[in-house]
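Student: One structure follows; several queries about it will come next.
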Amino acid sequence: MALLVSPLPSRSEVLYTLRTQCSLAGAAPVPCSVEAVNDSGATLYRHRIGDQIQTIRITDKPVRMALWDHSAKQWRPLNRASARFSTNTVCFNDRELCVVNPNYLNSVREGNVAAMAGRDLIKVNFGSDGRINASCYDDGCEVSLQ
């Protein structure tokens, strides 16, 4: 039944499926699966956690991130995302959804070799349209610009 309410692209290609750990709303991590799907210009990451599915959409050109809102049946732009490479953890909207996903983080490192060299933490803030409006790395994330 959950698949019927999840966003399913008409033409898609499964890139990988990963069995890992996820958490919702800051709770303790639990077993989950992540399915990465290429959907012409976007990658969908479907996180199956028990009987729930949380889907994140990442688009290129420009980079945008959004979360599928099941109740409104529409994409909701993310406010924040963070990645900690040492634990292979990615979190969305603080700790609304966190997942251990080395596949995704390896692709981030490979796509940005110079920027990611020696980095452990990256945080990204998004504007109301879902586009990146600020990012920081490691200790730089403690700096507050006024």
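Student: Suppose we keep just the alpha-carbon trace of the stretch 34-91; what are its Rg and Dmax in angstrom?
Tutor: Over the stretch 34-91's Cα set, Rg and Dmax evaluate to 12.0, 35 Å.
Student: Taking 25 Å as R0, compute the FRET efficiency from the Cβ-Cβ separation of GLU13 and ARG109 and round it to 0.05.
Tutor: That gives a FRET efficiency of 0.65.
Student: Return one whole number: the accessible area per residue of the chain in Å², for a 1.4 Å probe.
Tutor: About 59 Å² of surface per residue is accessible.
Student: Next question, about the same structure. Could you work out how much longer the chain between ARG131 and ALA72 gets when fully extended? Use 0.36 nm per residue separation minus the Cα distance between them, nm to one decimal.
Tutor: Extra length available between ARG131 and ALA72 comes to 19.2 nm.
Student: Tell me, what is the percent relative contact order of the stretch 83-142, built from C-alpha pairs under 8 Å that lie six or more residues apart?
Tutor: 26 percent
Student: Run the numbers on the stretch 15-99 and let me know its relative contact order in percent, using alpha-carbon pairs under 8 Å that are six or more apart.
Tutor: Dividing the mean separation by the residue count of the stretch 15-99 yields 23 percent.
Student: Quick check: at a probe of 1.4 Å, how many percent of the accessible area of the chain sits on carbon and sulfur atoms?
Tutor: Of the solvent-accessible surface of the chain, carbon and sulfur hold 50 percent.
Student: When the expected Rg is taken as 2.2 N^0.38 Å, what fraction or multiple of it is the alpha-carbon Rg of the chain?
Tutor: Compared with the compact-globule rule of thumb, the chain sits at 1.02.
Student: Which is the longest stretch in the chain that no exposed loop site breaks, taking sites as trypsin sites (Lys or Arg not before Pro) with a DSSP loop state and at most 11 other Cβ atoms within 10 Å?
Tutor: Longest site-free region, per DSSP loop and neighbour criteria: 74-146.
Student: Okay, moving on. Let me spell out the model: positive unit charges on the Cβ of Lys and Arg, negative unit charges on the Cβ of Asp and Glu, origin at the Cα centre of the chain. What dipole size does that give, in debye rounded to 20?
Tutor: 240 debye
The values are calculated or read from the model by the stated rules, or taken from the named source; none is laboratory data. Everything numeric here is computed off the predicted structure, so don't read it as measured data. All Cβ positions, glycine included, derive from the backbone under ideal geometry; neighbour counts span all protein chains shown. Side chains are part of the model used for accessible areas, which takes the heavy atoms of the whole protein and leaves out ligands, DNA and RNA. Shrake-Rupley method; radii C 1.70, N 1.55, O 1.52, S 1.80 Å.
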